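First the structure, in the form of structure tokens, and then the observations on it.
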Amino acid sequence: MISKALALKVLNEALATGGDYAEIYLEQNDSQAVTLENGKVETNGNRRGFGAGIRILNGLKSVYGYTSVLSAKSLITLAHDLAASYTGIRQITVKSIAKQTVKVINPIEDHLNDVPVAEKITLLKKCYAITAAVDKRLVRIQNIFSNYRKNIEIFSAEGPEGKQFENSEERGRLVMVAAAAENGKIETYFEGPGRFAGWHWFKDVLDWKAKAKECGEKAIMMMGAKECPSGRYPVVIANGWGGVIFHEACGHSLEATATAKHLSVFSDSIGQVIANPIVSAYDDGTMPNEWGSNNIDSEGHVTQKNQLIRDGVCVGFLVDKFNGRRLKMEANGASRRQNYKYEPTSRMSNTYIASGKDKPEDIIKDTPLGIYVTNFGGGSVNPTTGEFNFSASEAYIIRDGKVCEPVRGCTLIGSGKEVLMNIDRAADDVDLGQGMCGSVSGSIPVNVGQPTIRIKEITVGGRGGKLE
Amino acid sequence: MKFDQFFELAKTKGISESQIQISKTKSLSMSLFHHEMDSYNISEGQSVIACGVVDGKFGSCRTEELDASTFDYLIQGIIESAKASEKGEKAELFAGSEKYHKKNVFNPALGETPIEKKIALIHEIEDGLFAFDKKVNEVESVAYEEREVLSEFYNSFGLKLKQKSNYFYISAAANGKAGDEVKDAWDVYLGNDLTTFNPKAFIKGIGDKLLAKFGGIQCVSGYYPTILQNDVFSSLINYFVSSASSDEVQRQSSFLIGKLNTKIASSKVNIAEKPLTKNVFFSYFDDEGVSAQNKDIVKGGVLKTYLYNRETAKRDGTTSTGNGQWEGDKIGIGYGNIVVRGSKKSFEDIIAPIHEGVYITEIAGLGTGMNAQSGDFSCQAQGFMIRDGKLAEPLNLITLSGNLVKMLEDIKTFDNRMKLTLESVECADVYVKKMAIGGK
């Protein structure tokens, strides 16, 4: 997006006042989204994100700025203004920039941005027809296909030889939302499979027919659900998107963003038991074509498979360059950002609890009274206290080891430390689910994952009184 | 950029009516950690959204890249967008309102205040928090941010509107430790006049909040008379107002379907939208160029209006309420400066009659815990027990569950502690007859 010669000038301007690391992050993001409301195209939009962010580190200080004007004048002025916040003398003169080889671990042949919109509309209409056929009480069905291709260029330097990285990210998401209504009661259900992949995967590999049918059926089913009871109960959480509980309850607290400043409940936990010994967990940005994967991170580091917990013992954090300095740890490919408007920091990618030895049906069978959560709307965490919350979008009562009636309005709350120790069963059916994670460096695509697990006791909130 | 050229070019390509909006922002932010500036950010951004009508269909496109090719990119995008549209209604843009209530809300003194003064202010807050009490373990961050926004609106009918605004916000978070117990507290101050900010009161607010949290327990699950602090009520009322969107109602996705001019809340409830209030949320035109107007949404417990843009108003045979706002690739419904009328009673007055109840001071997880279509919600909460009319032991890791309409029906009274929150809602603390609290 800019020449090497200009990048060299900007890096040297940035390092003029004593900075020990400078980086230019350039981005062009072309996105498309087509939305159907009750089977008819409502909107079809194209948009372009475009700009550059410049970061200068000096020991444990960081300055960052961005602009959407990529002229030489604009970039050099931004670098100059940022450098002015340091008062030292030049330590580094960048003499050259070498282009780095970026290994493509997420190959795509049929680019989503090249697929004619008519083809996407045809798929969405087929999805709509399947959902609409489920029940006449489905009053609103939305079908959305969104995709983007982000071209990124990074120039960085912490010595006389600078580095240049080029990378492309390309993701698509097929969203279905069904709303059922009857006698003033409204319930909605959401499905949103996504992938770092081309059109073939969405059209031919993804079982969109099953997703579309399930979306309608679940919205109808939740209309008949009674209010969730409240109190402390055993809770079995299904595989896949159920992993959001680990993402919130533990994952965020293992990001260097929180641990480096000792602002996390797990700040000093490496080598310590923080979970039941049946729990092992990973964050893996290298899974080919997965929703949270990438070839390199936002600093140019190659993504990695990072183990976070081994048999209940904390063995690692997710580390970015800046926070790694406080921790005295190397960056491990986990630095991410939404776009050039955000300074990068340590974030999750594809995070999951590894498979256990149980069978999911045995875990249900061994639970006399409890709650079975099969889908969540999402959740949030306070990394300092470790306290988290999740809202279930689909849940059932377990009675005498059997899955019984559905319940709605179910919230799970607790603390990360407590819940990790309370996971007492893990099945052998690990799966992943796609979501968007919001934090200090913006909203980014992440996979969460887990096998079916049981938490032996957790606080459940709802309006349905006591569980009997 | 020469927008007249855009309109001419658009017309030659078959876009009969067109509109273009440009937004330019400048921002400065910085934060401290352990008495050192650990982050300093500056930025200048720009973005353009354009829309138009092609053969009676609406299309839109947006970009952040402004150069010689921008007009071509936007025009091509509008045409592709409109061609795919299957909406039955004929689209048309807006020529302009008869009158606009423009006010100058830009405060030049904010940008002119020396940066040293702003840095000194956040140092004062950090020092004050560390010194507040020995239980304060860490000041997690103290940050200052200021932003200038210039919004321009032009259309092919010759309408030209501009608004310049600026604001700052100061945020701070501290945590404390007592034994194994870790608690944290934070606050944010938003305004555009630095002289209105009182650092001592800000520090005391966070410090008091933090210390009061230690020793929190779970209460027994059940239904309790409940006081919702103004910040908490603001978050809930925000969802209620979003359900008054005519778009959601027409799509049968709102619990307010068929409720116009009917009693949907206690007669104590009065909710208005006042976009013309001179504060940081002021706005005198919407994204269709319609003049903004103050209006009652709920009066004496009766729903008085839905919020309309031009398209939804036409469907209901009425006129736009000036609530058109970009929502993805279409102009949907938005709002700001929501005011829920309080009372003359003090906080002590409203808790005095409660024998055993709950005072909720913070909630978390409402974003996913709210079913905006039905108004049912369930989220994490913390606060205090109320015993014999007084605040008692702190509560932690409890849940608050309810339904928005039921909550509004059950409102007994408000107090006089009005607060303008970041959600652009101004409201007081509220006493709700009973709400479901989950604990042990």
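None of the figures in this text is laboratory data; all of them are computed from the coordinates on show. What you see is a predicted model; the values in this text were computed from it and never measured. Heads up, the Cβs are rebuilt from the backbone with ideal geometry, glycines too, and the neighbour counts pull from every protein chain shown.
What percent of all Cα-Cα pairs in chain A falls in each 20 Å bin, counting up from 0?
Going from the shortest bin to the longest, the percentages are 23, 51, 24, 2.
Based on Cα positions only, what radius of gyration and what Dmax would you give for the range B:215-440, in angstroms?
17.9, 57
Which percent, to the nearest 5, of DSSP beta bridges fully inside the range A:97-170 are antiparallel?
Once the DSSP bridges in the range A:97-170 are tallied, antiparallel ones form about 75 percent.
Hey, how many Å between the Cα centroid of the range B:79-103 and the Cα centroid of the range A:164-186?
26 Å
Could you please state, rounded to a whole Å, how far the C-alpha centre of the range B:1-69 is from the C-alpha centre of the range A:345-386?
So the two Cα centres are separated by 42 Å.
Residue B:101 to residue B:127: extension gain in nm, 0.36 nm per residue of separation minus the Cα-Cα distance?
5.0 nm
What percentages make up the Cα-Cα pair-distance distribution of chain B when the bins are 10 Å wide from 0?
Spelled out bin by bin, chain B gives 4, 18, 25, 25, 18, 8, 2, 0 percent.
Could you compute the net charge surrounding residue B:102? Neighbours are other residues with a C-beta less than 15 Å from the C-beta of residue B:102; K and R count +1, D and E count -1.
Net charge in that neighbourhood comes out at +3.
When you count, for each residue, the other Cβ atoms within 10 Å and take the mean per peptide, how do B:315-324, B:261-270 rank with the highest first?
B:315-324, B:261-270
If I histogram all Cα-Cα distances within the range A:333-408 using bins 10 Å wide from 0, what percent of pairs lands in each bin?
Each 10 Å bin holds this share of Cα pairs: 15, 28, 33, 15, 8, 0.
If you count, for every residue in B:375-383, the Cβ atoms of partner chains within 10 Å of its Cβ, what is the mean?
6
So for the range A:372-468, considering every pair of alpha-carbon atoms, how many percent are separated by more than 24 Å?
Result: 24 percent of Cα pairs exceed 24 Å.
Write down the percent of antiparallel bridges among all DSSP beta bridges whose residues are both part of the range A:351-464, to the nearest 5.
Of those bridges, close to 90 percent are antiparallel.
Take every Cα pair under 8 Å in chain B that's 6+ residues apart, average their separations, divide by the length, and report that relative contact order as a whole percent.
After rounding, I find 14 percent.
Separation between the residue A:96 and residue B:72 pseudo-spin-labels, each 7 Å from Cα along Cα→Cβ, expressed in nm?
3.8 nm
Using only atoms on other chains, find how many Cβ atoms lie within 10 Å of each Cβ of peptide B:63-71 and report the average.
4
Which net charge results for the neighbourhood of residue A:173, defined as the other residues with beta-carbon distances under 15 angstrom from its beta-carbon, given Lys and Arg at +1 and Asp and Glu at -1?
Summing Lys/Arg as +1 and Asp/Glu as -1 gives +3.
Ignore the peptide's own chain and count Cβ atoms of other chains within 10 Å of each Cβ in A:258-265; give me the average, rounded.
The mean count of partner-chain Cβ atoms within 10 Å per residue comes to 3.
Could the peptides A:243-254, A:295-306 be put in order, highest first, of the mean number of other beta-carbon atoms found within 10 Å of their residues?
A:243-254, A:295-306
Around residue A:188, with a cut-off of 10 angstrom between Cβ atoms, what is the net charge of the other residues, counting Lys and Arg +1 and Asp and Glu -1?
Surrounding charge for residue A:188 is +1.
Do any cysteines of chain A lack a neighbour Cys whose Cβ is under 4.7 Å away, and which are they?
Singleton cysteines: A:127, A:215, A:250, A:314, A:404, A:437.
Helix B:115-132 against the longest principal axis of chain B: what's the angle in degrees, Cα atoms only, rounded to the nearest 10?
30 degrees
Testing the spin-label approximation: label points 7 Å from Cα along Cα→Cβ at residue B:223 and residue A:114. State their distance in nm.
Roughly 6.2 nm, to one decimal.
Relative contact order (percent) for the range B:3-210, with alpha-carbon contacts under 8 angstrom and 6 or more residues of separation?
For the range B:3-210, the relative contact order is 21 percent.
Work out, step by step, the length gained on full extension between residue B:55 and residue B:2: first 0.36 nm times the residue separation, then minus their alpha carbon distance; give nm to one decimal.
16.6 nm
Quick one: Cα centre-to-centre distance for the range A:303-325 and the range A:404-468, in angstrom?
22 Å
When the Karplus curve 6.51 cos²θ - 1.76 cosθ + 1.60 is applied with θ = phi - 60°, which whole-Hz ³J(HN,Hα) does each residue of the range B:36-50 get, with x for Gly and Pro?
10, 6, 9, 8, 9, 10, 10, 7, 9, x, 8, 8, 10, 10, 10
What value, in deg cm²/dmol to 500, does the helix sum -39500 (n - 2.57) over DSSP H runs of n ≥ 4 give at 222 nm once divided by the residues of chain A?
-5000 deg cm²/dmol
Roughly how compact is the range A:4-223, stated as its Cα Rg over 2.2 N^0.38 Å to two decimals?
That works out to 1.40 for the range A:4-223.
What is chain A's relative contact order, in percent, from Cα pairs under 8 angstrom and six or more apart in sequence?
16 percent
What is the spin-label model distance, in nm, from residue A:3 to residue B:348 if the labels are put 7 Å beyond Cα along the C-beta direction?
7.4 nm
Using the Kirkwood radius over C-alpha pairs as Rh, can you work out the diffusion coefficient of the range B:196-311 via Stokes-Einstein at 4 °C, viscosity 1.567 mPa s, in µm² per second?
My calculation gives 73 µm²/s for D.
Report the dimensions of the protein assembly as shown along its three principal axes from the alpha-carbon atoms, largest first, rounded to Å.
71, 67, 62
In terms of modelled amide H atoms, which long-range or inter-chain residues lie less than 5 Å from the amide H of residue A:239?
It is A:452, by chain and number.
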